[in-house]
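Worksheet for the structure shown next.
The values are calculated or read from the model by the stated rules, or taken from the named source; none is laboratory data. These numbers were taken from a predicted model, which means no experiment stands behind them. Because the Cβ atoms are built from the backbone with ideal geometry, glycine has one as well, and the counts that use them run over all protein chains shown. To get the accessible areas, we keep the full protein, side chains included, count just its heavy atoms, and leave off ligands, DNA and RNA. Shrake-Rupley method; radii C 1.70, N 1.55, O 1.52, S 1.80 Å.
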Amino acid sequence: MTATPQGASTSSPSNATGRGGLDTKAIIITSLMVFSMFFGAGNLIFPPEVGVGAGTNFWPGIVGFLIAGVALPVIAIIAVAISGFGVRDLANRGGALFGVVFSALVYLSIGVFYALPRTGAVSMEIAITPLTGLDSTLASFIFNLLFFGVSLALCWAPNAIPDTLGKFLTPALVALLAILITLTMFRFERVPAAPAEDYAESPAVTGLLNGYLTMDALAGLAFGIVIISSLRSKGFKPGPTLVRSTIITGTIAGVLLAAIYLGLALIGQTIPDAGRFDGGAALLAEAAHRALGTPGQLALAAIVILACLTTAVGLISATSEFFHELVPAVSYHAWATIFAVGSIAMATQGLSQVLAIAAPVISFLYPPAITLMILSIIEPLFRRQFSFHWTYRVAIWVAVVWSAISVTVSLGAEALAPVVAWAPGQSNDVGWALPTIAAALVGLALDFATRNSRPLELSAAAQAARREHDNADAHEEVNATVRR
């Protein structure tokens, strides 16, 4: 997952959308940008792990992974496109408190809690350790001090550096991975091993839960507004055309992600003795060495470091901008320094420790995030009759409470287990789904009974965007009438 700071430059506007049509070239270029935003450290290491763990249950396992790692991020983009606002204004549909806390946790999880230190940890494990043999805590600290020090320097004045680097690095990385995947497929026979315990019992759900770790569904909520802004800079006017173009853009990027994930997962099924590796980072480094030799391993190391560096710069910038807006008394530079220092401390502990710390936060966030995304997509179907108010609040807070209890139980509070153990799928961490659906139906009934038309709690910027969006809708409707 890669982020683009708010200050990144964009392409010159296109006039092709002025007649209400779709600028195909602009959509393709933006789709590649979206792909680069999502494709980062975690997207490299988790698919090979799925390939190894799923074994003979490969297809249900990878389908579950693709649902969480591709379908949910695309749904998140669609939810933001339909609403036209950023993650905080979207989250405000669950109430003002939920809007602040949820959006802050989303940015922390794609920042210093997980995705940001992961960039340093993955760079160390893929690029440094296989080439030098260095894997001590001191070596990790020195590398991450340099890595995040450079990242902090690059994002000190938000500009187009990450965007510019991404345009060159991401195609190079994808090209190398395509070569690596192709050579691996031809050089080694695919011989799936027996599935690991979790994949033997419930491969699709296990793949789904591993797909959560990419963090792309949560990132989609944060990046959706960036995609909209990028398309607007290319000449797309607010209204149905912009929404449609955003959805197409996200879908194209999702297809590219799915293709790369599938290829990386197949590497885990073709490398001999793949099960002996500690994780996807070591497996991918070994695959590069076996398929391309030392030059391939060196090239992969260099590109991974630079790609992760671009990711780190974007994430520091994006999270610092958000928290500076949330707490203006603390400067952007202060937030950036705090996040860089925190990432050094976490990344030095190694990738496995980063995952262990992040897992409870991720487990807590996904149920309310998925609930918010799905309801945001469903709401337009009812908008002519009534707006969602209680539907959002009841469903989201049931998901929040259920998720909080489940995470608490997983951390050792067994006394609370009976509260949630009765739900179907609870043993596979999806027990929240049925109670949340029931809560949404209760909220829907309340909204239908009251015909609630209470306006959303929007920021001033979002209110201005809504007015512009509505004006554009009216303008496009007039144009359509004239054409008819």
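Listed values, structure above:
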{"quantity": "Residue count, region 319-344 (criterion: surrounded by fewer than 17 Cβ atoms within 10 Å (Cβ to Cβ) and part of a helix (DSSP H, G or I))", "calculated": "7"}
{"quantity": "Any chance Ala81 is out of contact with any Lys or Arg (no Cβ under 7 Å at 6 or more places or on another chain), touching a residue at least 40 places away in the same chain (Cβ under 8 Å) and open to solvent by less than 50 Å² (accessible area, probe 1.4 Å)", "calculated": "yes"}
{"quantity": "In region 194-236, the residues that are part of a loop (DSSP other than H, G, I, E, B) and buried (at least 16 other Cβ atoms within 10 Å of the Cβ)", "calculated": "Pro195, Ala196, Ser202, Leu213, Thr214, Met215, Lys234, Gly235, Phe236"}
{"quantity": "Helices (runs of 4 or more DSSP H) (entirely within region 47-135) containing at least 1 residues that are basic (Lys, Arg) and modelled with pLDDT of 90 or more", "calculated": "none"}
{"quantity": "Number of the condition not met by Thr251 [criteria: (1) more than 23 Å from Leu355 (Cβ to Cβ); (2) open to solvent by less than 50 Å² (accessible area, probe 1.4 Å)]", "calculated": "(2)"}
{"quantity": "Residues within region 237-248 that are open to solvent by 50 Å² or more (accessible area, probe 1.4 Å) and either in a loop (DSSP other than H, G, I, E, B) or free of Cβ contacts under 8 Å to residues at least 12 places away in the same chain (or both), tallied", "calculated": "1"}
{"quantity": "Residue that is least open to solvent (accessible area, probe 1.4 Å), among those in region 254-285 that are out of contact with any helix residue (DSSP H, G or I) (no Cβ under 8 Å at 6 or more places or on another chain) and outside any helix (DSSP H, G or I)", "calculated": "Pro272"}
{"quantity": "All positions within region 287-298 that are out of contact with any Gly (no Cβ under 8 Å at 6 or more places or on another chain) and surrounded by fewer than 20 Cβ atoms within 10 Å (Cβ to Cβ)", "calculated": "Arg290, Leu292, Gly293, Thr294, Pro295, Gly296, Leu298"}
{"quantity": "Ala302 vs. criteria touching a residue at least 12 places away in the same chain (Cβ under 8 Å), among the aliphatic types (A, V, I, L, M) and buried (at least 19 other Cβ atoms within 10 Å of the Cβ)", "calculated": "no"}
{"quantity": "Residue list for region 403-424, restricted to those being open to solvent by 30 Å² or more (accessible area, probe 1.4 Å) and either farther than 15 Å from Ala359 by Cβ or of a type in the set (A, V, I, L, M, F, W, C) (or both)", "calculated": "Ala404, Ile405, Leu411, Ala413, Glu414, Ala415, Leu416, Pro418, Val419, Ala421, Trp422, Pro424"}
{"quantity": "Flag for Leu315 being part of a helix (DSSP H, G or I), under 24 Å from Met124 (Cα atoms) and open to solvent by 40 Å² or more (accessible area, probe 1.4 Å)", "calculated": "no"}
{"quantity": "Output for region 345-362, where each listed residue is open to solvent by 20 Å² or more (accessible area, probe 1.4 Å) and either at pLDDT 85 or above or in a helix (DSSP H, G or I) (or both)", "calculated": "Ala345, Met346, Ser352, Gln353, Leu355, Ala356, Ile357, Ala359, Pro360, Val361"}
{"quantity": "Qualifying residues in region 425-437 (those that are surrounded by 13 or more Cβ atoms within 10 Å (Cβ to Cβ) and among the small types (Gly, Ala, Ser)) - the one farthest from Glu201 (Cα to Cα)", "calculated": "Ala433"}
